[in-house]
Amino acid sequence: MQFLSGGLGGVEAKTGEFLWRYKEVVKGPAQAFTPVARDGYVYGGALSVGGGLVRLKPDGNGVAAEQVYFARGLPNGFGGAVLVGDYLYGTDIATGSWLAVEFTTGKVMWKAESLGRASVAFADGLLYVHGWNGDVALVEATPEGYREKGRFTSPAQPKHKQAGQISEAAFAYPVIANGRLYIRDLETLWAYDIKASR
């Protein structure tokens, strides 16, 4: 399963046979969102537009992708989204809003403006969020409301070049492995020990 120029699609891994396609998510200017899948459902984001969910079901000898919803303003671009329980957490690139969305319905549970555009990873009940501006925030993964637990800016931030109206930004996803949080921006990598104190 991957984004293609013609939409989100699925291919049989062993044979390369094309199985299904979902075109609504190519309404934006680029295909940058990593699809999120669970239990026969696949979510994709249309950069700067919105997001949509399809349900995969048998169709003769193939697979059909039946749209469940598509809505503007849902998580949709660089930085992706994570599925925690029944809720999807990510950024609407057009507005910079941070969102919690019910995965199977598209219902927005909350929207927060404080983080801005960001990439996300999940571990131990918490969202590790790396903002395009270089800030790193720790947020509870809960549909009940935006609950930020803390925030910092890594030292010695790289300089981002400006090309017309577009500037470089910190697009890389945070990575969590073996009790460490890794944050990358351009050619700079920071590693933080996030193990619980003993």
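Annotations for the structure displayed:
- Cα-based values for segment 24-126, radius of gyration first and Dmax second, are 13.3, 48 Å.
- Taking the chain as a Gaussian network of alpha-carbon nodes connected by springs under 10 Å, the highest mean-square fluctuation of the residues E102, E140, E17 belongs to E17.
- Computed about its Cα centre, the charge dipole of the chain is approximately 200 debye, with only Lys, Arg, Asp and Glu carrying charge at their Cβ.
- Residues of segment 81-198: accessible area per residue with a 1.4 Å probe, Å²: 54
- Cα-based equivalent ellipsoid, segment 16-60: semi-axes from gyration tensor eigenvalues, Å: 20, 12, 9
- Coupling constants for segment 35-49 follow from the phi torsions by the Karplus curve (6.51 cos²θ - 1.76 cosθ + 1.60, θ = phi - 60°), and in residue order they are x, 10, 10, 6, 6, x, 10, 9, 10, x, x, 9, 3, 6, 10 Hz; glycine and proline get x.
- Karplus-derived 3J(HN,Hα), 6.51/-1.76/1.60, for each residue of segment 114-127, Hz, glycine and proline x: 6, 8, x, 5, 7, 9, 9, 9, 10, 7, 6, x, 10, 9
- Projected-area mean, segment 72-144, by convex hull of Cα positions, square nanometres: 4.3
- Kirkwood Rh in Å, taken over all unlike Cα pairs in segment 137-198: 14.1
- Accessible area per residue in Å² at 1.4 Å probe, computed on segment 20-63: 46
- Peptides 35-47, 155-167, ordered by how many other C-beta atoms sit within 10 Å of their residues on average, highest first, read 35-47, 155-167.
- Selection from W20, F3, W132 lying farthest towards where the dipole of the chain points positive, charges on Cβ: W132
- With all protein chains in place and a 1.4 Å probe, the accessible surface of the chain carries 49 percent carbon and sulfur.
- With the convex hull drawn around the C-alpha atoms of the chain, the volume per residue stands at 145 Å³.
The values are calculated or read from the model by the stated rules, or taken from the named source; none is laboratory data. All values derive from a computational prediction rather than experimental measurement. Note: ideal-geometry Cβ built from the backbone for every residue, glycine included; neighbour counts use all protein chains shown. To get the accessible areas, we keep the full protein, side chains included, count just its heavy atoms, and leave off ligands, DNA and RNA. Shrake-Rupley method; radii C 1.70, N 1.55, O 1.52, S 1.80 Å.
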